[in-house]
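**Q** Below is the structure I would like to discuss, written out as structure tokens.
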Ligand SMILES: Nc1ncnc2c1ncn2[C@@H]1O[C@H](COP(=O)(O)OP(=O)(O)OP(=O)(O)O)[C@@H](O)[C@H]1O
């Protein structure tokens, strides 16, 4: 269970700030709704540890995690810009999320291939990011995030700009992640994403 309690933040003293208060169970998805500039990315950055809150707490399974650095928090995130290592092929870029070294087991390679196929990228394992379109890179980055197997996924507009088929493939992957116990914090402008994936809503 993720618990965010009275988490307060403001960028500068003369701006109004935010106060976030919600909880999220394993296997559930909360949609973060709000107009552009309402603070969706700010919330995800606070959760991920890329911004420090002024006060309040973030806990995971009863343990405070708000003073941990990003890499020790139980989160994995894919933000609007999807960074891939340009000199590594698709399979290796994804595999880095599953294993810190570059040696992948047969099973891991099979999972990568299956996941690529489900987002319309069958056979792309050996391609370099530079040969991919923006939407294809986005899908590779998402698959990498999903296969990292952290308990909470932080997703900022993850499906923006994808065609219907890729979107459905990713919905399916995200539903499987939920079924396997992952919690998802989803910032998305798309009402279809929210309808398919979200169990609760946080309106900013
Ligand atoms: N580093 C910063 N310093 C000061 N203000 C900032 C900073 N980053 C964001 N803001 C402001 O905080 C507000 C919330 O920004 P945020 O990026 O969280 O919104 P958002 O809901 O994610 O928007 P969008 O849907 O356009 O991505 C905006 O008014 C933005 O200008």
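The values are calculated or read from the model by the stated rules, or taken from the named source; none is laboratory data. Remember, predicted model here, so these are calculated numbers, not experimental data. A quick note on method: Cβ atoms are made from the backbone with ideal geometry, for glycine too, and the neighbour counts reach across all protein chains shown.
**Q** List, please: which pairs have Cβ atoms under 9 Å, are six or more places apart or on different chains, and start with a residue in the stretch 39-58 that is at positive phi and touching a residue at least 24 places away in the same chain (Cβ under 8 Å) and end with one that is crowded, with 16+ Cβ neighbours inside 10 Å and in a loop (DSSP other than H, G, I, E, B)?
**A** From residues that are at positive phi and touching a residue at least 24 places away in the same chain (Cβ under 8 Å), the pairs are 49/65; 49/66; 49/73; 56/66.
**Q** Have a look at 75, 85, 20 and point out the one that is at pLDDT 90 or above, more than 10 Å from the ligand (Cβ to nearest atom) and closer than 22 Å to residue 143 by Cα.
**A** Sole residue among the options that is at pLDDT 90 or above, more than 10 Å from the ligand (Cβ to nearest atom) and closer than 22 Å to residue 143 by Cα: 75.
**Q** Can you confirm whether residue 88 is assigned to a loop (DSSP other than H, G, I, E, B) and surrounded by 12 or more Cβ atoms within 10 Å (Cβ to Cβ)? Give the steps one after another, and end with the answer.
**A** Numbers: assigned to a loop (DSSP other than H, G, I, E, B): yes; surrounded by 12 or more Cβ atoms within 10 Å (Cβ to Cβ): yes.
Spelling it out, residue 88 is indeed assigned to a loop (DSSP other than H, G, I, E, B) and surrounded by 12 or more Cβ atoms within 10 Å (Cβ to Cβ).
**Q** With the stretch 9-81 as the region, which strands (runs of 3 or more DSSP E) entirely inside it contain at least 3 residues that are farther than 22 Å from residue 149 by Cβ? I'd like the intermediate steps shown before the answer.
**A** On the way: elements: 18-24, 29-33, 55-60, 75-78.
Because the criterion is at least 3 residues that are farther than 22 Å from residue 149 by Cβ, the strands (runs of 3 or more DSSP E) in the stretch 9-81 that meet it are 18-24, 29-33, 55-60.
**Q** With respect to residue 93, determine if the residue is modelled with pLDDT under 95, surrounded by 15 or more Cβ atoms within 10 Å (Cβ to Cβ) and within 16 Å of the ligand (Cβ to nearest atom).
**A** On the way: modelled with pLDDT under 95: yes; surrounded by 15 or more Cβ atoms within 10 Å (Cβ to Cβ): yes; within 16 Å of the ligand (Cβ to nearest atom): no.
Considered against the rule, which asks whether it is modelled with pLDDT under 95, surrounded by 15 or more Cβ atoms within 10 Å (Cβ to Cβ) and within 16 Å of the ligand (Cβ to nearest atom), residue 93 comes out as no.
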